[in-house]
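The structure appears right after this line, and notes come after that.
Nothing in this text is a laboratory measurement; each read-out follows from the coordinates by a stated rule. Note that this is a predicted model, so its numbers are computed, not measured. FYI the Cβ positions are ideal-geometry reconstructions off the backbone, even for glycines, and counts take in every protein chain you see.
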Amino acid sequence: MKNIFVDTDGDFNRLIPQFIAAGVDGFLPMDVNAGMDIVKVRELYPRLKFIGGFNKLVIEQGKDAIDREFERILPVIRSGGYVPGCDHQATRFHCAMSGIGSATDAVPESFFFLLVILFIRAAGTVA
């Protein structure tokens with residue numbers, strides 16, 4: 001099984017077909033603020049895999065904004081082939097600005113359950 005990922009920055013939507021033709025399986029970190037929307041990209045290219053795609057800037061907006069961002073990417077989470085994460089590194093600054101103690105405090109419990117299920121499915125132990 002191959003899993004060739006390309007670490008990208010910026011908006012590379014127009015380059016995706018060339019990456020696929022070259023044998024790339026997925027991308028990270030899917031920079032939301034540069035115009036990369038994993039929901040739209042997944043609709044266009046259902047076999048692509050992703051890591052990232054969660055807009056880190058919503059962390060400092062608090063729990064409600066974080067929950068909305070998870071709702072936005074939920075279709076991709078449910079479709080598999082995706083490890084949710086920030087679109088770039090989230091710092092303590094982002095967490096401090098949100099009033100939460102850590103990024104973990106901001107993540108809905110259901111997210112951890114979904115992440116475990118995704119890893120189990122990826123390992124082929126759950127149908």
Completion exercise
For ARG78, placing the label point 7 angstrom along Cα-to-beta-carbon and taking the range 24-66, residues whose amide nitrogen sits under 17 Å are 38-44, 46
Handout entry: Whichever lysines have a C-alpha closer than 30 Å to that of LYS63, once near sequence neighbours (fewer than 8 apart) are set aside
Key = LYS40, LYS49
Handout entry: Long-range amide H partners of TYR82 with built H, under 5 Å
Key = PHE50
